[in-house]
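Remarks on the structure that follows.
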Protein chains: 2
Amino acid sequence: MSEVSLARRNFLKTGAAAAAALMASAAANAGIPAATVKKYDEEFDVVVVGSGFAGMACALKASRAGLKVLMIEKMSVVGGNSAICGGNVACPVNPVQKAQNIQDSKELFIKDCLKDGLGINYTNLLGVIADRCNDTIKFVEECGAEFVPNKMLFEAGHSVPRSYEIKAGSGSGYINPMFATMKKEGKVTVRTRCKFDDFIMDGDDVVGIVCREGYRFNAKLQSDDLENKTGKTKYIRAKMGVMLAAGGFSRDIWFRQVQDPRVVPSTDSTNQPGATAGVLIKALGIGATPVQLCWLQFLPYCNPREKGFGVSVNFTNHACMDFGIVVDRKTGKRFMDEHAGRKIKADALFAVIGNDENYPIAVADDAIVKAINPSFVKLPLEMGTVKKFNTLEELADFYKIPKEAFLEQVKKFNGYVKAGEDPEFHRNLKFSNGLDVSKAPFYGIEVSPKIHHTMGGVMINEKAQVISTKTHQPIKGLYAGGEITGGVHGASRLGTVAVIDALTFGMVAGEEFAKMAKA
Amino acid sequence: MSEVSLARRNFLKTGAAAAAALMASAAANAGIPAATVKKYDEEFDVVVVGSGFAGMACALKASRAGLKVLMIEKMSVVGGNSAICGGNVACPVNPVQKAQNIQDSKELFIKDCLKDGLGINYTNLLGVIADRCNDTIKFVEECGAEFVPNKMLFEAGHSVPRSYEIKAGSGSGYINPMFATMKKEGKVTVRTRCKFDDFIMDGDDVVGIVCREGYRFNAKLQSDDLENKTGKTKYIRAKMGVMLAAGGFSRDIWFRQVQDPRVVPSTDSTNQPGATAGVLIKALGIGATPVQLCWLQFLPYCNPREKGFGVSVNFTNHACMDFGIVVDRKTGKRFMDEHAGRKIKADALFAVIGNDENYPIAVADDAIVKAINPSFVKLPLEMGTVKKFNTLEELADFYKIPKEAFLEQVKKFNGYVKAGEDPEFHRNLKFSNGLDVSKAPFYGIEVSPKIHHTMGGVMINEKAQVISTKTHQPIKGLYAGGEITGGVHGASRLGTVAVIDALTFGMVAGEEFAKMAKA
């Protein structure tokens, strides 16, 4: 049996081993009937589960409409995975594009998403993002998020530069100012270490949640969602509804392997350890419609020598893949369009890496490094994941790349940049600004994909309402946005679209609550 | 907006239109608590939901162990989709292979399945199929199923001939003798027009079902599962458990489009109209784990001029794709390995068909037609989907194929058969038995994929027990087999593997009940 097969078998066995303890603790049916709740500990208009982009946006918008809002977060700090993500944000047809004469359209944005999404994206939701993204950008700027002025990033898989670059270099560039704004406005009750346990249901309607305060997440448990019993149970009424903004399940060892058995427990992920499927599974239990759960995305510019997201992703992505090249260290040759979407690149990288850890080498030069955000290279150089070389020959020697073939490849590529055309892999070189791989010193880094995003989740409509399998209609009192939802990205999402997705549908859900408050 | 986009929009709107009526009728939480059931109308040891391969196999095995078994079927006749499927059945490492010196193995079978399944198949379940398939074949032969003697079909995507050919030419070749055996033995209570409505739950355990007798399926409803209220409600206790054998959801207009928005209501399917997601959705509601629901399979050898499965599938598959060729009528050239797996071929066909209905032409000659089951060509010729021509030139004229290019292609292909190698598409010609496209008369037919199989479903273990999201362990009293389960086929199943899958896990579930009876 191959190693993968063995890991698969162990996966099934581990399940059996941990059985007894878990069996006893399982709740009866899905959701807690409201009639069985003797007394609510507290009452709010809106309860937001999760405190990343979608949760913050919803809580701010709803609270500004005069609603009493509770935002809960199971971890000890707010922000979830949003706080550590790359943070750049797509916004098709924006003023910076206009000023720079970059032709973009809603249709082109949707077409780009469908290409990497293998055609199964929900175009109605992509339409909402395209229609509302400028409102979303305005909303976060007013909270204090800062973008690099007059700059449009040309992100992989997009046909044109259409993404703002967040100054902070990560999603904290939104989370920090949004949270500061929330604290300043003083209208949202925020509770960390507060774990969602279940929905309180009046028939098919969501009317509250059961949660545990003073809970402590334990990353050492096989499944924190099933095994962790810390904290004190509270019954919270949500008069208008519950917003699910609990993120994806890239760190849920069990559920991710259920969907893709190749993903074994040791498979690394860029996500924070709290990214589990607990809330999603409870939502399915009350009839939320599952959409495209089996599509897991690998981020194709991670470094195998550092754990998790690490510090090198922006360098590999925005230096080497936007402007430099990636070569197979066995051949010295390129093997993919470095600017393709994530799925295409992850598949190509896995094929080269094979079973013998033949990690490809991503390469950039001095001019490229001077053109990118300086924060992208500083830490990786300090941590040693990025190496600096005086010549291309030295770089080839260090990584044991066949020198002649490699130098020939670099020369060819530099010619393609000049000609504006890549006959080998049809990479779009229109926006290269003349940058190639020619100016010493040179930089190299090993590349490996890691699990980054779970495309699937619950089905929502254009108003962020969760759709029921029982009625094909919205579940009254239940909204969702961000990675816990499915459909926007189809089989594979493009970079910078998750940020605008989560912020926009968080904002939309908040606006829906605000409309209800007015009515 | 393109037509697809418009259809997508309508899909979302149709939902809204039919809202009011459906909302009122929705049940409260998932499953009916046993404590609320005043009196059971009847009691059985085992209740089997569905009467296709998996249902019949389970009911027979359980009843032979002395158990009181009820098998319900919502349609007016037993057999479900199994009765109308192709019916040939994979069985790796079988006596006929041995007699014919065909080298096969469990590992090769799993490898073949993983290739078309894109690597995400559940290898533990494939292992059960490989280990038990000879028992399964013996079991159905003892019921009276008849195979073409000493014949192994070389099915597309399989590395070697490993499939028995059912004499009857369809799945009725099992359903009829199995049902006759069941009637003769007189141990199973069978009820048609009996619709599963919900599970009766004792905590997390399944202890019975609610169903409606005298129900009449109505294919004209937008969703029969939601809207059809015919029949009289009955509460049935299942002392040992419930077996789900309710099939896939290829005809569930709503749920299939939720998973793949490209599949619009008008997309044709090979399945019988009752193939909806009702039972699957109820199972998810009580915590059955959803596996790979978003993979829908298209059968790549259907005919666009006939509705549903039609009568021409076996001809196109076993004459033209096993031995003949398929050409693009615009170029006269081949464009795929005609013997590849279903996903590869469906993708290739869709690319040629495009938006202008450029249906490719599948071609066979007289020698091929004489070598296949005569039933495969008789009806298609009578119905006019297959046309007969005295010469290849006449065939080209009729379908408006560029004549020279087509004749050149046929000549090339015949050369490949002689050489035993296809340098163009690397088709495996090892088992062609010298058959090519050279002997008049010639036969032609148009080809188009149709939705055929839904790969995803509930998660089961090697004992056909359904696994819970709440505990990661089996749900007590709940078993499943066949198309309602997920994982066996991964992203795309190989032909003839569904039959052995459903029969084997039906048998396995029946054996599990039998073991419980002994204990």
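Once you've got the Cα coordinates, tell me which of A:Lys74/B:Lys470; A:Lys38/A:Lys229; A:Lys138/A:Lys307; B:Lys183/B:Lys450 are over 30 Å apart. Could you put the intermediate results ahead of the total?
Working: A:Lys74/B:Lys470 19 Å; A:Lys38/A:Lys229 22 Å; A:Lys138/A:Lys307 35 Å; B:Lys183/B:Lys450 35 Å.
Violating the 30 Å Cα-Cα cut-off are A:Lys138/A:Lys307; B:Lys183/B:Lys450.
Annotation: for a label point projected 7 angstrom from Cα along Cα→Cβ of B:Thr331, residues of the range B:395-421 with backbone N closer than 20 Å are B:396-397, B:399-417. What is the Cα centroid distance between the range B:262-325 and the range B:50-82, reported in whole angstrom? Each part reduced to its Cα centre gives a spacing of 22 Å.
How big a patch of accessible area, both sides summed and in Å² to the nearest 100, lies buried between A and B at a 1.4 Å probe? Protein heavy atoms only, the A-B interface buries about 4500 Å². Mind checking the angle between helix B:123-143 and chain B's longest principal axis? C-alpha axes, 0 to 90 degrees, to the nearest 10. Rounded to the nearest ten degrees, it is 90. Here the spin labels are modelled as points 7 Å beyond Cα on the Cα-Cβ line, and at B:Lys167 and A:Asn101 they lie 7.9 nm apart.
Ignore the peptide's own chain and count Cβ atoms of other chains within 10 Å of each Cβ in A:471-481; give me the average, rounded. Mind dumping the intermediate values first?
Values: counts 11, 14, 9, 4, 1, 1, 0, 0, 0, 0, 0.
Per-residue shielding by partner chains comes out at 4.
Once both labels are positioned 7 Å from their Cα atoms along Cα-to-Cβ, the gap between B:Val148 and A:Phe350 label points is 3.7 nm. Available extension along the chain between B:Lys111 and B:Lys183 is 22.0 nm, counting 0.36 nm per residue and deducting the alpha carbon span.
Expressed as a whole percent, the accessible area of the range A:301-450 that falls on carbon and sulfur atoms is 53 (1.4 Å probe).
Accessible surface calculations at 1.4 Å, restricted to protein heavy atoms, place the protein assembly as shown at 37 Å² per residue.
Annotation: amide H-H contacts under 5 Å for A:Asp198 (H modelled 1.01 Å from N, sequence separation of 5 or more, or interchain): A:Val210.
Using the average count of surrounding beta-carbon atoms within 10 Å as a protection proxy, the listed peptides B:163-171, B:504-512 rank, highest first, as B:504-512, B:163-171. FRET efficiency for the B:Ala440 to B:Arg64 pair, using the beta carbon distance and R₀ = 56 Å, is estimated at 0.55.
Inside 10 Å of the C-beta atoms of B:273-283, what's the mean count of C-beta atoms belonging to other chains? Write down the numbers at each step before the final one.
Details: counts 0, 0, 0, 0, 1, 1, 0, 1, 6, 3, 0.
The per-residue average across the peptide is 1.
Could you sort the peptides B:239-245, B:341-347, A:310-316 by per-residue average Cβ neighbour count (10 Å cutoff), highest mean leading?
Details: B:239-245: 26.7, B:341-347: 22.1, A:310-316: 24.3.
Sorting B:239-245, B:341-347, A:310-316 by mean packing, highest first, produces B:239-245, A:310-316, B:341-347.
Within the protein assembly as shown, DSSP assigns beta bridges of which about 65% are antiparallel (rounded to the nearest 5). The mean number of partner chain beta-carbon atoms within 10 angstrom of a residue's beta-carbon across peptide B:286-293 is 6. How about the range B:260-323: which trypsin sites (Lys or Arg not before Pro) there are in a DSSP loop, with at most 15 other Cβ atoms within 10 Å of their Cβ? Answer in residue order: B:Arg305, B:Lys307.
Rounded to the nearest 0.05, the FRET efficiency derived from the C-beta distance between A:Lys38 and A:Lys229 at R0 = 30 Å is 0.90. A simple spin-label model places the labels of B:Lys518 and B:Thr391 6.9 nm from each other, with each point 7 Å out along Cα-to-Cβ. Burial annotation for the range A:240-266: residues with an accessible-area loss of at least 40 Å² between the isolated chain and the complete set of protein chains, computed on heavy atoms with a 1.4 Å probe, are A:Trp254, A:Val258, A:Gln259, A:Pro261, A:Arg262.
Rank-order B:250-259, B:196-205 by packing density, defined as the average count of other C-beta atoms within 10 Å over each peptide's residues, highest first. Display every interim value, and only then the final one.
On the way: B:250-259: 23.9, B:196-205: 20.7.
Descending packing order for the listed peptides: B:250-259, B:196-205.
Lacking any other cysteine beta-carbon closer than 4.7 Å, the following Cys residues of chain A have no compatible partner: A:Cys58, A:Cys85, A:Cys113, A:Cys143, A:Cys194, A:Cys211, A:Cys294, A:Cys302, A:Cys320.
The values are calculated or read from the model by the stated rules, or taken from the named source; none is laboratory data. This structure is a prediction, so every number in the text was calculated from the model and none was measured. Because the Cβ atoms are built from the backbone with ideal geometry, glycine has one as well, and the counts that use them run over all protein chains shown. To get the accessible areas, we keep the full protein, side chains included, count just its heavy atoms, and leave off ligands, DNA and RNA. Shrake-Rupley method; radii C 1.70, N 1.55, O 1.52, S 1.80 Å.
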